[in-house]
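Note sheet for the following structure.
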Amino acid sequence: MLPLGVVLFDWLFWREGGGINMLVFKLFVLVVQFVLLPRHAAVRRSGSFWLMVGGSLFGAAMMAVYGSAVAALACMASLLMLLGYVNQPHLKLVLYALLTAANSLAKA
């Protein structure tokens with residue numbers, strides 16, 4: 001999925017501003033998460049996970065509609081929180097998911 005994501009990201013964002021491309025890429029990331037997570041995974045039964053999925057979709061939709069810097073920040077922050085929570089499902093607070101994602105991003 002990583003090579004496909006890299007090609008999709010390059011195709012969507014090469015010399016382009018944020019907008020509908022952010023929505024398409026976020027949908028790709030969410031679909032990949034649903035495909036890779038088993039149906040019986042504990043994180044899929046968590047209310048925080050579904051809250052972050054909804055927030056990610058809402059942020060991506062607002063990015064497609066408005067395309068502002070604030071919408072881009074909310075879109076990226078919601079994606080980072082979702083990925084942080086998926087990688088550390090024992091987290092109880094959304095803030096800890098954001099900090100975990102930022103730490104992983106800094107290491108990468």
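Some observations on this one:
- Identity of the residue in the range 16-28, under 18 Å from Ala69 (Cβ atoms) and open to solvent by 60 Å² or more (accessible area, probe 1.4 Å), that ends up farthest from the chain's Cα centre (by Cα): Glu16
- Residues (surrounded by fewer than 19 Cβ atoms within 10 Å (Cβ to Cβ) and under 14 Å from Ala42 (Cα atoms)) located in the range 87-101: Asn87, Gln88, Pro89, His90, Lys92
- Considering the range 29-85, the residues that are among the aromatic types (Phe, Trp, Tyr) and in contact (Cβ under 8 Å) with a residue 24 or more places away in the chain include one that is surrounded by the fewest Cβ atoms within 10 Å (Cβ to Cβ), namely Phe49.
- Count - residues of the range 5-15 that are part of a helix (DSSP H, G or I) and open to solvent by 30 Å² or more (accessible area, probe 1.4 Å): 7
The values are calculated or read from the model by the stated rules, or taken from the named source; none is laboratory data. Remember, predicted model here, so these are calculated numbers, not experimental data. Neighbour counts are summed over all protein chains in view; Cβ atoms, including those assigned to glycine, are modelled from backbone coordinates with ideal geometry. Areas reflect the complete protein model, heavy atoms only, side chains present, ligands, DNA and RNA absent. Shrake-Rupley method; radii C 1.70, N 1.55, O 1.52, S 1.80 Å.
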